[in-house]
1. Could you list all residues from segment 252-266 that are surrounded by 18 or more Cβ atoms within 10 Å (Cβ to Cβ) and more than 19 Å from the chain's Cα centre (by Cα)?
2. Find all pairs meeting these conditions: Cβ atoms under 7 angstrom apart; at least six residues apart or on different chains; first residue within segment 188-208 and on the phi > 0 side of the Ramachandran plot; second residue of a type in the set (V, I, T) and outside any helix (DSSP H, G or I).
3. What number of residues in segment 294-335 are in a helix (DSSP H, G or I), aliphatic (A, V, I, L, M), modelled with pLDDT of 65 or more and open to solvent by 10 Å² or more (accessible area, probe 1.4 Å)?
4. Here are some conditions: (1) under 18 Å from G103 (Cβ atoms); (2) in contact with a Pro (Cβ under 8 Å, 6 or more places away or on another chain). A39 meets all but one. Which one does it not meet?
5. Kindly check whether there is at least one residue in segment 97-107 that is crowded, with 24+ Cβ neighbours inside 10 Å, in contact with a strand residue (DSSP E or B) (Cβ under 9 Å, 6 or more places away or on another chain) and within 20 Å of I27 (Cβ to Cβ).
6. For S281, which of the numbered conditions (1) small (G, A, S); (2) modelled with pLDDT under 90; (3) surrounded by fewer than 16 Cβ atoms within 10 Å (Cβ to Cβ) fails to hold?
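The values are calculated or read from the model by the stated rules, or taken from the named source; none is laboratory data. Computed from a predicted structure; not experimentally measured. Heads up, the Cβs are rebuilt from the backbone with ideal geometry, glycines too, and the neighbour counts pull from every protein chain shown. When the accessible area is computed, the model is the full protein with side chains, heavy atoms only, and any ligands, DNA or RNA have been set aside. Shrake-Rupley method; radii C 1.70, N 1.55, O 1.52, S 1.80 Å.
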Amino acid sequence: VGAPASSAAPVPTTALAGVTAEAQRAIDEIADGASAVSAQTLTASSDVVAVAAGACTSTALRSLNLYLSCSELRGAQAIATAIERTVSLETLDMEGNRIGAAGAVHIGQALGDNATLTELNLRNNGIGGDGMTEIASGVARNTCLCDLNIDGNAIGVRGAQLLAPALEVNATLRTLNIGTNELGDEGVAALAPALRANAALTTLVLRHNRIGPDGAAALANTLTRSSTLTSLDVSFNKLGDAGVATLLPACAHITTLLVAGNDVGHDGAAAAARALEHNTSLRTLDVHDNFTLHSYLTLTDALRRRSAPLDLALYDLSKGDAEFVRACARAGTLDDAAVFGADGVIVSLLDKHGTDDA
């Protein structure tokens, strides 16, 4: 008895002139009915155009990775056509494709008409503030996108102002990464009303945005009125003691909070301790690259009195500083705590009984 016939016979392809071997491989995989294709670091926009053309006609392709490929404007136009015509594509990675503001126009317009994409990565594409006009319009009209990454595009305050109305009406986006975009306090303030109105977003990444105490106050006001947002990353900003003191008490619904690298001192640690003592929702807290050991110790009593367990991330501590974690772990306040030395190597991994696992 012979093997059963394949439900979809491979489609024969012909090598395309002027296309690199990597692009040809991706084109062949798409033609053969692959559900996931990686065509990273394509060196010419003509390669991207050829791969995008193949994606247009595929009914099996679910994921396309074009990481660090040279799309530029011509490639962006071809990808936009694929986004408009696809009947199957769900995940598209365009990180580092240099599409610029002009390319963003085409991607944004296509996004508004797409009915399949659930995840789109546009990180590090030089979109800029004005380039967000059509991206924001696409987000407003889209009804399926769940995860959008526009980290590292220098969208600034202008981009935040353009994105805000889209967030007010979008009902599907669950994860939004707008880190490293020069938002500052003004950009966060522009987003805050939209974040309060949005009833779908659960994860927000705002790391590396020069957010200070005023931005923290705008976020705190948002958090007190939003019950859907559960994960917030404000790492490596400029919150300081005042920002942390304002933000943490507002995290009643937050389960994951990342505030690493915010120049928080002893006063901020004391404010965090007071907030943690009464907070029962928080499960993961990253405060590394902030406190001195003395400041960490300020948290100990609050953690001991806390009824809910907490995963606490601490980095760049000496072996002696691990005693703080051991004290908390023995008290049963931590599920797990990883302590890293200055070289990034794990010094101790403790369970809630205070035993060393590594």
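1. V264, the sole residue that qualifies.
2. Matching pairs, first to second residue: H208/T180.
3. Within segment 294-335, residues that are in a helix (DSSP H, G or I), aliphatic (A, V, I, L, M), modelled with pLDDT of 65 or more and open to solvent by 10 Å² or more (accessible area, probe 1.4 Å) number 1.
4. Among (1) under 18 Å from G103 (Cβ atoms); (2) in contact with a Pro (Cβ under 8 Å, 6 or more places away or on another chain), A39 violates only (2).
5. Looking through segment 97-107, none of the residues is crowded, with 24+ Cβ neighbours inside 10 Å, in contact with a strand residue (DSSP E or B) (Cβ under 9 Å, 6 or more places away or on another chain) and within 20 Å of I27 (Cβ to Cβ).
6. Evaluating S281 over (1) small (G, A, S); (2) modelled with pLDDT under 90; (3) surrounded by fewer than 16 Cβ atoms within 10 Å (Cβ to Cβ) leaves (2) as the failure.
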